[in-house]
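K.L.:
Sharing a structure below in structure tokens format, with a few things to ask.
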Amino acid sequence: MQTIKYTFQPHGDDRGQLIALEEFKDIPFRIKRVYYMYDTIENVVRGHHAHKSLEQILICIHGSCKIKLDDGTETKVVPLEKPYEGLYIANNIWREMYDFSPDAVLMVLASEIYDESDYIRDYDEFLEFVRSGENKA
Ligand code: TYD
């Protein structure tokens, strides 16, 4: 599955920690969009979609949450619990975000601007898409 868990290098000193992320250096794509989720209601599951071409890095910059990933063949769960951890998710991967702590702030760095036509929001359609090879056309 095309996902990578990054550990970013904090610039720590006696004042605290700072993390800097630069496109093509720390992040393997041009960052065209940043968005973040907070005040997520207990037991809510977000996501439930895949992207045809979008790449993303998810960083839980405060609190914690879990990400369930599914490429149509295998599934895995990645906990995000530290502000220096980043989860790269390639295109064509179904994701669900859940188990948000009440203080969780989940920030997403994205390779493209928002485009609803890049979403696959139906799971059966996603399976058909990844298994048909349509994604490689
Ligand atoms: P949604 O796709 O439901 O979030 P998630 O799948 O992560 O749970 O997005 C919630 C709303 O925010 C929806 O109305 C679309 C809007 N939105 C934007 O306008 N721009 C964005 O970059 C994103 C991610 C969402």
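The values are calculated or read from the model by the stated rules, or taken from the named source; none is laboratory data. What you see is a predicted model; the values in this text were computed from it and never measured. In this analysis, Cβ positions are derived from the backbone assuming ideal geometry, glycine residues included, and neighbour counts consider all displayed protein chains. Each accessible area value is taken on the protein alone, full model and side chains, heavy atoms only, with ligands, DNA and RNA left out. Shrake-Rupley method; radii C 1.70, N 1.55, O 1.52, S 1.80 Å.
K.L.:
Scan the range 36-55 and tell me whether some residue there is closer than 23 Å to Ala20 by Cα and of a type in the set (Phe, Trp, Tyr).
P.N.:
yes
K.L.:
Name the pairs: first residue in the range 19-42 and farther than 27 Å from Asp99 by Cα, second residue outside any loop (DSSP other than H, G, I, E, B), Cβ to Cβ under 6 Å, at least 6 apart or on different chains?
P.N.:
Arg30/Glu23
K.L.:
If you don't mind, there's one more thing I want to ask. If you check Lys5, Lys82, which single one turns out to be away from the ligand (no atom under 15 Å from the Cβ), of a type in the set (Lys, Arg), part of a strand (DSSP E or B) and open to solvent by 20 Å² or more (accessible area, probe 1.4 Å)?
P.N.:
Being away from the ligand (no atom under 15 Å from the Cβ), of a type in the set (Lys, Arg), part of a strand (DSSP E or B) and open to solvent by 20 Å² or more (accessible area, probe 1.4 Å) holds for just one of Lys5, Lys82, which is Lys5.
K.L.:
Every residue in the range 33-50 that is more than 10 Å from the ligand (Cβ to nearest atom) and under 15 Å from the mean Cα position of the chain (by Cα), please.
P.N.:
Taking the range 33-50 first, the residues more than 10 Å from the ligand (Cβ to nearest atom) are 38-39, 41-43, 50.
Tyr38, Ala50 - these are the residues of the range 33-50 that are more than 10 Å from the ligand (Cβ to nearest atom) and under 15 Å from the mean Cα position of the chain (by Cα).
K.L.:
Restricting attention to the range 92-130, report how many residues are surrounded by fewer than 14 Cβ atoms within 10 Å (Cβ to Cβ) and in a loop (DSSP other than H, G, I, E, B).
P.N.:
Qualifying residue count for the region: 7.
K.L.:
Identify the single condition in (1) open to solvent by less than 70 Å² (accessible area, probe 1.4 Å); (2) at pLDDT 95 or above; (3) under 14 Å from the mean Cα position of the chain (by Cα) that Asp26 does not satisfy, given that it satisfies every other one.
P.N.:
Of (1) open to solvent by less than 70 Å² (accessible area, probe 1.4 Å); (2) at pLDDT 95 or above; (3) under 14 Å from the mean Cα position of the chain (by Cα), only one is false for Asp26: (3).
K.L.:
Next question, about the same structure. Can you tell me which residue is nearest to the ligand (Cβ to nearest atom) among those in the range 109-126 that are in contact with a Phe, Trp or Tyr (Cβ under 9 Å, 6 or more places away or on another chain) and small (Gly, Ala, Ser)?
P.N.:
By that ranking, first place goes to Ala110.
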